[in-house]
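Beneath this line is the structure, given in structure tokens, with notes to follow.
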Amino acid sequence: MKDTPFSDLTLFITGPTYVRPQVRQAGMLPEFGHRDTENTKRFEPIMNNLKTLAGVGDDHRVIIFNGSGSTAMEASIRSLVADGETVLNVSVGAFGDLYHKMAVVNGKKAVQLKFEPGRAMELSALEAAIAEHRPAVVTITHNETSTGVTNDIVAACQAIRKSGALALVDGVSLFGGAPAMIAESGCAMYSTSTQKSLALPAGFGIAFVTAEAVDKAGKVQNRGHSSDILGQLGRAGKFQTLTTPNCTLANQMCVELDYIVNEEGVANRFARHVAMRDMVAEFVAGLPGYSLFAQEGFRSATLTTVLVPAGVSVKDLKAVKEVMRAKGYLYDPGYGKLNEQFEKEGRQPIFRIGHMGDITPSMLKAYLKDLGPALPKA
């Protein structure tokens, strides 16, 4: 291959994330026909290992969408919110807002319950919103990528189910790095993707659906084509995708999920993520003027948000990005729209540290050692 101008950076952003050399190499495995027996060799273990990682059994079915986590999320709106029904979108940040936008642009009757950035969902406020709006469907973010907040989806989904509504969960930046709590929560559909805590390239959305969701979808009109979970399930039952998959990504996914389940082990993977979260918390505690942004008790195992001292600007954080690039890393100067909002309000911005997927504690330790001197002083 001719030399390219592409930099080989170790990604400490919040997705896409670092891909192990072995998974890169798996991209060179043979292409295959997606309606051939070779397809089953890939997608049967993929779907079975996804269930193991999710902690679910045969009462949940797996769909793999060509697209992204957003593709799966939009499919949940198109397939499970009927015309005239109210959908309540619970938001603790930018991606909760995205779920609401999807409902609005698809013509659904949508209302929103918003919480202050950095704060988790409050159960009493959710219960009050459900009582006020009487939604048929409620969406909630499990792990808010813009703020580093992890919601208690078990408590949230239990409240939603108690009201008789369906619960739809966005688990895009958590799945593969921490327990998804799908069975425990009783959500009807849980959406995620490949490019974050699964440590794979982007390209597939993933959904776990229950019989309850299947029954509801049968009563919803105009579900679309690729967004129709019933059409998707017809092929998923044969360990296939509805439309032609990315064969390269499928090969990589098969190899990576086998590694996660059968080599690293699911419990070990989750414990590693918690250990890295704690490493970052200790690092931040040693930075004068810096502090953890997300609400205590609800801090993500897959990414950390850091509030900078007075006098440090978004421009300063973008300058850090270039310093770290020179050291071989891709640093995350924070979610752009959120930091713009904070600057307009006279508030200090935040930056993010992604510690998800196949990032190891030793890799994170080296990164933090280089990051500390690069950060602006208080």
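The values are calculated or read from the model by the stated rules, or taken from the named source; none is laboratory data. Keep in mind it's a predicted model, so treat the numbers as computed, not measured. Using ideal geometry, Cβ is built from the backbone for each residue, glycine included, and neighbour counts are taken over all protein chains shown. Surface areas here come from the heavy atoms of the whole protein model, side chains and all, with no ligands, DNA or RNA. Shrake-Rupley method; radii C 1.70, N 1.55, O 1.52, S 1.80 Å.
Numbers for the structure displayed
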| item | result |
| --- | --- |
| Percent RCO, i.e. relative contact order, over segment 25-167, from Cα pairs under 8 Å lying at least 6 residues apart | 20 percent |
| Pairs of lysines in segment 155-311 (C-alpha under 28 Å apart; 8 or more residues apart or interchain) | 5 |
| Rounded to 5, percent antiparallel among DSSP beta bridges of segment 167-324 | 65 percent |
| Which listed pairs, of Lys114/Lys337; Lys327/Lys377; Lys51/Lys101; Lys2/Lys41, have C-alpha distances above 24 Å, in listed order | Lys51/Lys101; Lys2/Lys41 |
| Cα-centred dipole magnitude for segment 197-337, charges only on beta-carbon of K, R (+1) and D, E (-1), debye, nearest 20 | 440 debye |
| Relative contact order (percent, whole number), the chain, Cα cutoff 8 Å, 6+ residue spacing | 24 percent |
| Cα gyration tensor shape of segment 134-237, rounded if a/c is under 1.5, else prolate or oblate by comparing a/b with b/c | oblate |
| Charge dipole magnitude, Cβ of K and R +1, D and E -1 - the chain, Cα centre, debye nearest 20 | 480 debye |
| Estimated vicinal HN-Hα couplings, Hz - segment 134-144 in sequence order (Karplus 6.51, -1.76, 1.60; Gly, Pro = x) | 6, x, 8, 9, 10, 10, 8, 8, 6, 9, 7 |
| FRET efficiency, 1/(1 + (r/R0)^6) with R0 22 Å, evaluated for Glu184 and Glu296 via beta carbons | 0.45 |
| The chain - share of DSSP beta bridges that are antiparallel (%, nearest 5) | 55 percent |
| Centre separation in Å (Cα based) which lies between segment 213-236 and segment 238-313 | 31 Å |
| Sum of -39500 (n - 2.57) over DSSP H runs of 4+, divided by residues of the chain (222 nm, nearest 500) | -12500 deg cm²/dmol |
| Protection proxy ranking, peptides 207-214, 282-289, 224-231, average beta carbon neighbours within 10 Å, highest first | 207-214, 224-231, 282-289 |
| Surrounding net charge for Asp8, when Lys and Arg each add one and Asp and Glu each subtract one, Cβ distance under 14 Å | +3 |
| Furthest towards positive pole of dipole, Met181, Ile359, Met324, structure part the chain, Cβ charges | Met324 |
| Summed residue charge, Cβ within 10 Å of Lys109's Cβ, Lys/Arg positive, Asp/Glu negative | -1 |
| Charge dipole of the chain about the Cα centre (unit charges at C-beta), most positive-ward option of Gly107, Met73, Phe283 | Gly107 |
| Förster radius 56 Å - calculated FRET efficiency between Thr244 and Val323 (Cβ-Cβ, nearest 0.05) | 0.85 |
| Taking segment 208-331 and dividing mean pair separation by its residue count, relative contact order in percent (alpha carbons under 8 Å, at least six apart) | 12 percent |
| Listed residues Pro135, Leu230, Val314: farthest to the positive end of the dipole of the chain (Cβ charges) | Val314 |
| Computed accessible area, Glu31, all protein chains, 1.4 angstrom probe, square angstrom | 150 Å² |
| Net +/- balance of residues flanking Thr194 in space, Cβ distance below 13 Å, scoring K and R +1, D and E -1 | -1 |
| Mean-position separation - Cα centroids, segment 33-61 and segment 134-208, in angstrom | 20 Å |
